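The values are calculated or read from the model by the stated rules, or taken from the named source; none is laboratory data. This structure is a prediction, so every number in the text was calculated from the model and none was measured. Glycine gets a Cβ as well: all are built from the backbone with ideal geometry, and neighbour counts include every protein chain shown.
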Amino acid sequence: MTRYLRLLGLQLRTSGLLAAQYRWDFLIDGVISVFWAATAVVPLFVVYGEATRPGIPGWNFGEALVVTGWFILLQGILDGAINPGLQAVVEHIRKGTLDFVLLKPADAQFLVSTARFHVWRVFSLLNAGVILGLAFHRVGRPPSLLGVAMALVLLVAATLLLYSLWILIVSAAFFVVKVDNLTYLFSSIFDAARWPSAVFRGALRFVFTFVIPLAVMTTFPAEALLGRLEPQTLAGAVLGACAFAGLARLVWLKSIGHYTSAGG
């Protein structure tokens, strides 16, 4: 474990040094992230902009803004820590250069997952903090300590779910090589996580809770912060995230067996 923590620290330091070489890009990306956060919030003003509009059942503007703030937080984690390394795996598989990773004396999944980080995505985390602060100002009360603790547990679960889903998508590259359409599809689907799960009905609600668990990623943490998440729901979300992680690990190990190197 200590060895892998040292490797993770090394990868983070390398990514930080790379970002420092392009300081203007770092600042420009920070400004872009502010505009992107604004575009995520604007639809809420449209939905709640007039008293005649019903809004989202069970969610007032401030509460829905908590979901959006959490979505921006997860988007920053996805784009900053999960996407960069795993997207590079697809290129390795396509070019047959994954050998350089597989021959290293460390777990291949760990190495590809931590190969690259986009440090500038820290701005998204700051934006999320600001939006969550504004949201609870509108709600009129801060979250309880228990709610924060439950939300932090769900943050780990949500990150694990996002990572596991990406591992499943990347594993498909061992069979079909070109998975760009799958990645674009997942990004488009994940965009729906900015809304509370109450907007979905019927089959969509089932899919976005159990198949692609968007509700676990954003709605459940928001409900925890608002003090209305049941402990059994929290336990189910954690168990589900662990099950997804186990499935992703099995699929990854099985998929590596189908890898053919450039010289194979």
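Numbers below:
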| read-out | value |
| --- | --- |
| Candidate set from the stretch 129-150 (those that are in contact (Cβ under 8 Å) with a residue 24 or more places away in the chain and not in a helix (DSSP H, G or I)); member that is surrounded by the fewest Cβ atoms within 10 Å (Cβ to Cβ) | G140 |
| Qualifying residues in the stretch 188-203 (those that are of a type outside the set (G, A, S) and surrounded by 14 or more Cβ atoms within 10 Å (Cβ to Cβ)) - the one modelled with the lowest pLDDT | I189 |
| Among the residues listed as A173, A157, the single one being under 18 Å from L234 (Cβ atoms), surrounded by 12 or more Cβ atoms within 10 Å (Cβ to Cβ) and in contact with a helix residue (DSSP H, G or I) (Cβ under 9 Å, 6 or more places away or on another chain) | A157 |
| In the stretch 54-66, the residues that are at pLDDT below 85 and surrounded by 10 or more Cβ atoms within 10 Å (Cβ to Cβ) | G55, I56 |
| Wholly within the stretch 151-264, helices (runs of 4 or more DSSP H) carrying at least 3 residues that are closer than 26 Å to R94 by Cα | 173-176, 180-190, 231-256 |
| Evaluation of Q109 against (1) farther than 19 Å from P221 by Cβ; (2) at pLDDT 80 or above; (3) surrounded by fewer than 16 Cβ atoms within 10 Å (Cβ to Cβ) (one fails), failing number | (3) |
| Close pairs from the stretch 55-84: first at positive phi, partner surrounded by fewer than 19 Cβ atoms within 10 Å (Cβ to Cβ), Cβ under 9 Å, at least 6 apart | G55/V47; G55/Y48; G55/F61; G58/A198 |
| Residue under evaluation Y184, criteria (1) more than 15 Å from L78 (Cβ to Cβ); (2) free of Cβ contacts under 8 Å to residues at least 12 places away in the same chain; (3) of a type outside the set (G, A, S), criterion not met | (1) |
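One line per residue, one yes/no per condition, for (1) assigned to a helix (DSSP H, G or I); (2) under 22 Å from S197 (Cβ atoms):
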{"residue": "L78", "(1), (2)": "yes, yes"}
{"residue": "L111", "(1), (2)": "yes, no"}
{"residue": "A115", "(1), (2)": "no, no"}
{"residue": "N127", "(1), (2)": "yes, no"}
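So that you can scan it fast, the table gives a plain yes or no per residue for (1) under 22 Å from the mean Cα position of the chain (by Cα); (2) among the small types (G, A, S); (3) surrounded by fewer than 19 Cβ atoms within 10 Å (Cβ to Cβ); (4) under 17 Å from V251 (Cβ atoms):
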| residue | (1), (2), (3), (4) |
| --- | --- |
| A81 | yes, yes, no, no |
| L86 | yes, no, no, yes |
| E91 | yes, no, yes, no |
| L98 | no, no, no, yes |
| L102 | no, no, yes, yes |
| L152 | yes, no, yes, no |
| Y163 | yes, no, no, yes |
